[in-house]
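The structure appears below as structure tokens.
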Amino acid sequence: MSFPDPPGISGTALGQPEAFNQSGRFEKHTIMETQYFEKDIECFSVRASSFPEGIKEAWNKRYGMLDHLEGRTFYGISRPEPTAKGAIAYWAATTETFPGEANKYGSEQFTIKKGYYLGHDLPDWQKDETQIGKIFRKMLTDPRIDPGGYCLEKYVGETDVQCLVLLDAMKSIRLSPDAAGL
């Protein structure tokens, strides 16, 4: 069985974020929004052996252990590695279809926290995978992000991805989009 490479929620527009064109220069073209997840999302994941080199292998392992793809949402989750300065930890994850499914597959469980996320839609992400990292680097400059949060890739269909970062609830209340420079 072969699986494809890893492939919402409405919100409030915060302005025109900068995006990257083919020459690596910023251009404005997509609206960055806040999105609210009403409840925690339980996932199970496979950790990449390295970042970014081990990402494809982690996805292949993730897909290889699933008996079906229907009804699942796929996520890439990354955050700084606490034990190595400058290193990034990455997990290929999917939603559980029943509580405790992570145990069935011997996978790590991960809970995507409910709350507000800063989001940026990226159509046709496979045309230039480096766009994901560039978008996250820009989003991580927003002073409202949760310092204990993570970068979240939500794969939408076969071609699109939403880049999301968790916002700190208290910082989000105090800072308007204008104060955040968006």
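The values are calculated or read from the model by the stated rules, or taken from the named source; none is laboratory data. Source: prediction; values computed, not measured. Here the Cβ positions follow ideal geometry from the backbone for every residue, glycine too, while neighbour counts run over all protein chains shown.
What to note about this one:
- Within the range 79-114, being surrounded by fewer than 14 Cβ atoms within 10 Å (Cβ to Cβ) and among the basic types (Lys, Arg) holds for 85, 104, 114.
- Hey, residue 122 touching a Cys at 6+ places or on another chain (Cβ under 9 Å), surrounded by fewer than 17 Cβ atoms within 10 Å (Cβ to Cβ) and modelled with pLDDT under 95 or not: no
- Within the range 85-111, the set of residues being within 20 Å of residue 52 (Cα to Cα) and among the basic types (Lys, Arg) comprises just one member, 85.
- Criterion violated by residue 27 - all others in (1) modelled with pLDDT of 85 or more; (2) in a strand (DSSP E or B) satisfied: (1)
- Of the residues contained in the range 142-150, one or more are found to be closer than 23 Å to residue 40 by Cβ, assigned to a strand (DSSP E or B) and not basic (Lys, Arg).
- Residues that are of a type in the set (Asp, Glu) and part of a strand (DSSP E or B), drawn from the range 30-42: 33, 42
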